[in-house]
1. Suppose all protein chains stay in the model; what accessible area per residue would a 1.4 Å probe give for the chain, in Å²?
2. Using a Gaussian network model of the chain with C-alpha springs under 10 Å, which one of 186, 41, 155 is most mobile by mean-square fluctuation?
3. In the range 82-107, whose amide N lies under 15 Å from the spot 7 Å out along Cα-to-Cβ of residue 124? List them in ranges.
4. Give a quick list of chymotrypsin sites (Phe, Trp or Tyr not before Pro) in the range 3-88 that DSSP marks as loop, anything other than H, G, I, E or B, with at most 16 other Cβ atoms within 10 Å.
5. Taking amide H atoms as placed 1.01 Å from N in the peptide plane, list the residues 5 or more away in sequence, or in a different chain, whose amide H sits under 5 Å from that of residue 91.
6. Measure off 7 Å from each Cα along the Cα-to-Cβ vector at residue 1 and residue 117, then give the distance between these two points in nanometres to one decimal.
7. Using θ = phi - 60° and the Karplus curve 6.51 cos²θ - 1.76 cosθ + 1.60, what whole-Hz ³J(HN,Hα) does each residue of the range 96-104 get, with Gly and Pro shown as x?
8. Using a 10 angstrom Cβ neighbour count of at most 16 plus a DSSP loop assignment to flag exposed GluC sites (Glu not before Pro), which longest range of the chain is free of such sites?
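The values are calculated or read from the model by the stated rules, or taken from the named source; none is laboratory data. Computed from a predicted structure; not experimentally measured. Virtual Cβ from ideal backbone geometry, glycine too; neighbours counted across all protein chains shown. Each accessible area value is taken on the protein alone, full model and side chains, heavy atoms only, with ligands, DNA and RNA left out. Shrake-Rupley method; radii C 1.70, N 1.55, O 1.52, S 1.80 Å.
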Amino acid sequence: MVETVPLFPLGTVLLPGASLPLHIFEPRYRQLTIDLVTGAVPGRSFGVIAVKQGLDSVEETHDIGCTALLREARRLPDGRFDIVTRGERRFRLLDIDNTSAPYLIGSIEWVPDDQPAAEQSMLLPVLSRSAREAHREYCCAAWQHGEWEEPKDDVDIAMLAHLLAADCLLTLEDRQALLEERDPVVRLRLVRALLVREAAFLRALRAVPVPLNQFAVKTSQN
């Protein structure tokens, strides 16, 4: 079933379950925030979709995005907003309407996970432990003590790969690949491989000239 959502193209990928703070300054996205807060947009939800790297047009985006639930909004004296959102559901962008509202409206369809075969499902607990260990090693190499935390033990295993990647400095392409992967087994293998690669890279560097957390702020290209 085709639905419509307000669109917010960004130079980053939002993953389900991940937190995304944004600083809203462009007039059309100020209006979107007002519409979300007042209920003019139902459900306090909008679609985040990554702009393809190297392209200037906000309509040159990837096909798969993720809806963002508005959790907090603080209006600043000059009319700008600081907001906090959380990733929810993946969608496929079918069309963009740039005339019906001050902001873009996307026609979308939801993207569910595929159901793994029974023999593949049996691998999920092992892959989960392996992916968590890779995440632990990466975070110990990348962050200071207290700057990261592990996903809770009872997190939905289909959500786990997204949560493990959420606080890691992966490229847009890596994050987009995780977002688009519909098989939970393959997704866990993919996030483990990415984190093992990045942890090895950090260990090879032995030290970085600037603390990594200075690069971890997600910026809004609105």
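1. Working: 11690 Å² over 222 residues.
Heavy-atom accessible area per residue stands at 53 Å².
2. 155
3. The answer is none, because no backbone nitrogen lies closer than 15 Å to the label point.
4. 25
5. 65, 66, 67, 111
6. Computed distance between label sites residue 1 and residue 117 equals 3.3 nm.
7. Values per residue, Gly and Pro as x: 10, 9, 10, 10, 7, 9, x, 10, 6 Hz.
8. It runs 61-146.
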